[in-house]
Every structure is written in C-alpha cells, then in structure tokens.
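As structure tokens, the structure follows; a few thoughts come after it.
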C-alpha cells in the first residue's frame, strides 16, 4: 500500500512537539516557547504525517494582511530528501498567500530557499557567553509590567514589520523570564526580554535608541543569572549590535540568513540590537 502523507494544522497541545524537535536539532528554544509562539497565530503551525506518524513540522505565522514569518521547519532525519518538507512548505506558503514573508534560514540551505523565491537580506549572528553581573545605570530601567503596553507596542513596531499584540503580551509576561524597559520622563527608549532556554538564557528582543541604552538593558537583564550561559541574536546590518557583543566575553556560535519573499521591510535597523527569535522573526 502506498504510504499516505497528510498535512494539517497543529493543535495547541502539539506545538511542544515542534519545540522538542528544535531542541534535538540544537536550536536551544525557550522552555515556554510553545505557549508564547502559539499566541502569535493559532492557525500558523503545521504538521506533516505519514500514515499517522508525525515526520515534519513548520510554522507560517501571519501577523497581518501584509507580513508573515515562517520558521520551525524540521523534517525527521530519516525522511529528508523525499519531498515531504517541500510539500509542507507549499502548504505554509499557500497560507501566507500574497504577503511578504521572512525566514531565518540555515546558511547552507540558502540556495534551496532562493529556489522557492526567498532573497537574502542579511545575516543574523548568534553570540554566546557567560552572564556577568556588571554595574548598570538603573535610573531609567523599569519592569515592562510597569510600562504602558501601548508604548511597548509602538516601540516594537519601529523594529518589527507588523503589530503583534497577542504575541508581545505573552512574550513579556512569560514565566522564567525578565522584561525590562528604559523609560525616561515617560518616553520608552528601549526594551529587552530574557527567557530561560533548555541551555541557559536568550535575550531577545533587545531594542534601543542607541548603544548606551542597549548596553545598560543588556547588563540589567543578566543580573539574576550570573554565571549561566547567555545568548543574543544580532543583525549584522546594525554595526553597533556587533560592538555590543564584542564588548562582552561572547563568541559567535551560529548564523542564519534573513530572507524575504518580497524584499526587506523598512525598519529602524539601528535600534535592533537583538532580534526576538529565529523562529518568529
């Protein structure tokens, strides 16, 4: 009998499977990523099943009528090279429709993504090191729980191509995390989130008006996790982001190609010191 391959939407209780596969791939996702990711788009997570066995997963999170982001694309190793992943990708792109879509693609697979229609915009680089307890200026640093969500959302929109209210609310309130902002006379000039991962912690996003504010937030977010592994994913198009990681005892550990179907969105690139995630943009 010919094996039957079907693709369907993931249910909420199935998203942890994709996160576990990501962990096995060495991507080091967050402990609570399944729940927070799902808030971004409850229809945006796909699973491919061969005779009822899950063999492929992937997401296509639609943020609005113009922008989407695809990620969490994994095919079980023993089923790679048979077209199952491409079928899943076609299903995801059908859901994306005519929107511009972004991905953070594995560098060695960039030619494959180009054949699908994506074009390279820039590299994102993951830097890792050990969290340090350095002095920081706390005069303007506030927990994001004390900052108006409208201010957070407006600042986020400068650095991300779409409004992402439900996801952002879940992201800054997730367990095992810290979310801090730089609030100066009622004006938000940057914010960052640190979340616990299977290995250590990741900081992302890290958005700030300038390098000085970014560094103060970066230091503040490390205070409670001194000695643990810490990671920051920076866009190479912001030279000051590289200055930030090079001023720390951090090394580059991973790289992705940020690619888009319809060209790079116009954002405040100089404010982006750390992207939110490779999976959701």
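The values are calculated or read from the model by the stated rules, or taken from the named source; none is laboratory data. Worth saying up front: this structure is predicted, and the values here are computed from it rather than measured. All Cβ positions, glycine included, derive from the backbone under ideal geometry; neighbour counts span all protein chains shown.
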Item to check | Test result for residue 262, assigned by TED's automatic domain parsing to the domain that holds residue 160, without any contact (Cβ under 8 Å) to a residue 12 or more places away in the chain, under 23 Å from residue 60 (Cα atoms) and not in a helix (DSSP H, G or I) | outcome: no
Item to check | Candidates 35, 26, 30 - the one that is modelled with pLDDT under 95 and within 22 Å of residue 195 (Cα to Cα) | outcome: 26
Checklist entry - Yes or no: residue 281 part of a strand (DSSP E or B) and crowded, with 21+ Cβ neighbours inside 10 Å? => result no
Checklist outcome for this item: Within the range 228-241, residues over 24 Å from residue 134 (Cβ atoms) and surrounded by fewer than 16 Cβ atoms within 10 Å (Cβ to Cβ) come out as 236
Next on the checklist: Just checking, does the range 236-247 include any residue being closer than 26 Å to residue 112 by Cα and assigned to a strand (DSSP E or B)?
Outcome noted: no
Item to check | the range 242-272: number of residues that are within 22 Å of residue 108 (Cβ to Cβ), touching a helix residue (DSSP H, G or I) at 6+ places or on another chain (Cβ under 6 Å) and surrounded by fewer than 17 Cβ atoms within 10 Å (Cβ to Cβ) | outcome: 1
